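Participant: Mind having a look at this structure? Questions to follow.
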Amino acid sequence: GAVVSQHPSWVICKSGTSVKIECRSLDFQATTMFWYRQFPKQSLMLMATSNEGSKATYEQGVEKDKFLINHASLTLSTLTVTSAHPEDSSFYICSARGLGGGSVTGELFFGEGSRLTVL
Amino acid sequence: AQTVTQSQPEMSVQEAETVTLSCTYDTSENNYYLFWYKQPPSRQMILVIRQEAYKQQNATENRFSVNFQKAAKSFSLKISDSQLGDTAMYFCAFMNYNTDKLIFGTGTRLQVFP
């Protein structure tokens, strides 16, 4: 099946710094990627939809200036948590839809997730 | 807005037995997809089974099957012959036919005991 990879898998940073998380589709081109946030023992909450070559669409309540999303190519989307604070500590997961594929089958492919800890 | 409800925070089952996880959802849409995802300790989300709303026949994937009741907006997952490797969080999810936005339930933690 299709592979989506995230990097880094775990990052620790100091409060006030910015952290970038990458989401790559390794063996297919992803026109659309999605970013989710998952708190411990909770469900995944969609943060934003990232479309290649255009601005991301953020879900209600998600600060676009806080969580910068860039989808510069068909295989890479990045999430940058700016001026991170301890409350931003969470597990961030991306998923990707392939060209003409995922939306037809209804299947998205998920990355392994990235754990962010802000001290 | 669509919502997905999983009323069982935790379930347990003995190896080789059968267990059913419940899921209900709310939507005014007629065309949509329903999914069950598995999230093991590694945190990688794995698709278990998918159901298209327009199909009356319940989806089946090996030991996994669903009971899809469209009128009741119910979508339960049955795991037969449970295995230790089935231990994981299970999320029920809804997707509108025209978007790829997944709306997840709160999850059910399944523990399979030897």
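Laboratory data are not the source of any read-out in this text; all were calculated from the coordinates shown. Just so it is clear, the structure is predicted and the values come from calculations on it, not from any experiment. All Cβ positions, glycine included, derive from the backbone under ideal geometry; neighbour counts span all protein chains shown.
Participant: For segment A:1-46, place one equal point scatterer on every Cα, skip the solvent, and apply the Debye formula. What is log10 of I(q)/I(0) at q = 0.15, 0.31 Å⁻¹?
Facilitator: -0.55, -1.17
Participant: Tell me, how many Å apart are the Cα centres for segment A:48-64 and for segment B:86-109?
Facilitator: Computed from Cα coordinates, the inter-centre distance equals 20 Å.
Participant: If you don't mind, another one. Give me the distance in nm between label points sitting 7 Å out from Cα along the Cα-to-Cβ direction at B:Thr3 and B:Ser42, one decimal.
Facilitator: It works out to 3.5 nm between the two label points.
Participant: Moving on. In Å, what Rg and Dmax follow from the Cα atoms of the protein assembly as shown?
Facilitator: Just the Cα atoms of the protein assembly as shown yield Rg and Dmax of 17.8, 53 Å.
Participant: Sticking with this structure for a sec: Send over the Kirkwood Rh of segment B:1-51, from the inverse of the averaged 1/r over different Cα pairs, rounded to one decimal Å.
Facilitator: About 13.3 Å for segment B:1-51.
Participant: Please tell me which of these pairs span more than 22 angstrom C-alpha to C-alpha: A:Lys41/B:Lys73; B:Lys55/B:Lys78; A:Lys41/A:Lys66?
Facilitator: A:Lys41/B:Lys73; A:Lys41/A:Lys66
Participant: Quick one: pull the percentage of alpha-carbon pairs in segment B:19-114 with a separation above 23 Å.
Facilitator: Result for the distance tail: 20 percent.
Participant: Now, a different point. Out of the DSSP beta bridges found with both residues in segment B:2-114, what percent are antiparallel (nearest 5)?
Facilitator: 90
Participant: Follow-up question, since we're still on this one. Would you mind checking segment B:69-97 for residues with the amide N under 18 Å from a putative spin-label position 7 Å along Cα→C-beta of B:Ser12?
Facilitator: Residues B:82-90 fall inside that zone.
Participant: For chain A, with only Lys/Arg (+1) and Asp/Glu (-1) charged at the beta-carbon, what is the dipole magnitude about the Cα centre, in debye rounded to 20?
Facilitator: The dipole of chain A has a size of about 160 debye.
Participant: Around A:Ser77, under 13 Å between beta carbons, what's the net of Lys plus Arg minus Asp minus Glu among the other residues?
Facilitator: +2
Participant: Taking amide H positions as placed 1.01 Å from N in the peptide plane, with prolines and chain starts having none, which residues 5 or more places from B:Ser12, or on another chain, fall under 5 Å of its amide H?
Facilitator: B:Gln111
Participant: Give the long-range amide H neighbours of B:Thr87: residues separated by 5 or more places, or on another chain, with amide H under 5 Å away, using H modelled in the peptide plane at 1.01 Å from N.
Facilitator: Amide H neighbours of B:Thr87: B:Val112.
Participant: So, how do all the Cα-to-Cα distances of chain A break down into 10 Å bins, in percent, from 0 on up?
Facilitator: In order of increasing distance, the bins hold 15, 48, 31, 6, 0 percent.
Participant: What are the residues whose amide H is under 5 Å from the amide H of B:Val66, where those residues sit 5 or more places off or on another chain and H is modelled from the backbone?
Facilitator: Amide H neighbours of B:Val66: B:Ala59, B:Lys78.
Participant: Need the C-alpha centroid separation for segment A:79-96 versus segment B:1-32, integer Å.
Facilitator: Each part reduced to its Cα centre gives a spacing of 28 Å.
Participant: Explain nothing, just compute: Karplus ³J(HN,Hα) = 6.51 cos²θ - 1.76 cosθ + 1.60, θ = phi - 60°, for every residue of segment A:75-80 in order, whole Hz, x for Gly and Pro.
Facilitator: So the J values, rounded to whole Hz, are 10, 9, 10, 10, 10, 10.
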